[in-house]
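Note sheet for the following structure.
A short reminder: the numbers here are calculations on the coordinates, not readings from a lab. Here the structure is a predicted model, which is why all the values come from computation and not from measurement. Methodologically, a virtual Cβ is constructed for each residue, glycine included, from the backbone with ideal geometry; neighbour enumeration extends over all protein chains shown.
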Amino acid sequence: MPDVSVPTEYGTRRRLTAEERRARILGAARTEFARAGYHGASTASIARAAGCSEPMLYKHFVGKHALFVAVLEHVSGIVEDGFDHVLSEPGDLLVNLREFLPKVMHDPAYVESLQLRKLAVTLVHEPSVHQLLTELQERHELRVGRAIERAKGEGLVREDVRAEDVAWTWAGLMLAGCYREALTPGGFAAMLPTVEDFIDGLRR
């Protein structure tokens, strides 16, 4: 069985906490699901990459489906936190967003998170996946709505811009980027000019 301890600053070793172990499993699962898809993903491979046994993995997650839902929720939360930080910064919101985009669109973890979202759509008949996707979209629309209202109040965005349209167009651009990435590595980052043009088109 792989070592379940980690080095400390003093050179000794300690066992991972349950939280640390869960985080490692989630990280390994994110990469495995994004690489192999839901049906192709192997819990044995995930456990091996996380440095634990399959029985240990199943102590944290009752099965592959529960693990997939947990990974999707986890990575979505990380992405949301990143955008919340940008949207809350002072100054020109559209400029802040444009400056943030190159970093996030070249981030392999962000690409993986969107690949998981795309994969989740194929599993939307599963109640737990459908519920989570619905919640994620509702949070996305709420976030975009607040940002658009703020930008309108600051005179940055045209009054005829509808937050709901922006939210769905953004989701569509991100999924298009995933499709492009699947066909050509680096295709997602290549969507950057298109996304920038979309943002610039909102300006008053």
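Just report the Cα centroid separation between the range 24-53 and the range 84-127, whole Å. The distance from the Cα centre of the range 24-53 to that of the range 84-127 comes to 22 Å.
Between Ala182 and Ser42, the contour length at 0.36 nm per residue exceeds the Cα-Cα span by 48.4 nm.
Taking the longest Cα principal axis of the chain as reference, the axis of helix 127-153 is set at about 40 degrees.
For the chain, a simple Cβ point-charge model (Lys and Arg +1, Asp and Glu -1, everything else neutral) yields a dipole of about 740 debye relative to the Cα centre.
Once the Cβ-Cβ distance of Gln131 and Thr194 is raised to the sixth power relative to R0 = 41 Å, the FRET efficiency obtained is 0.85.
Given a Förster radius of 30 Å and the C-beta distance between Arg98 and Arg35 as r, what FRET efficiency does 1/(1 + (r/R0)^6) yield to the nearest 0.05? Intermediate values should be presented prior to the final figure.
On the way: r = 30 Å, r/R0 = 1.01.
Efficiency, from the Cβ-Cβ distance: 0.50.
Applying both filters, DSSP loop and at most 16 other Cβ atoms within 10 Å, to the chymotrypsin sites (Phe, Trp or Tyr not before Pro) of the range 74-142 eliminates every site.
Ranking of Arg162, Arg98 by neighbouring Cβ atoms within 10 Å, starting from the fewest: Arg162, Arg98. Ordering Gly201, Gly82, Gly145 by Cα displacement along the dipole of the chain toward the positive end leaves Gly82 in first place; charges were set at the Cβ atoms of Lys, Arg (+1) and Asp, Glu (-1).
Springs join every pair of Cα atoms under 10 Å in this Gaussian network model of the chain, and among Val111, Val75, Val124 the largest mean-square fluctuation is at Val124.
Could you calculate the contour length gain from Ala109 to Glu149, that is, 0.36 nm times the residue separation minus the distance between their Cα atoms, to one decimal place in nm?
11.4 nm
Note on the chain: Kirkwood radius taken over Cα pairs, Stokes-Einstein applied at 10 °C and 1.306 mPa s, translational D equal to 85 µm² s⁻¹.
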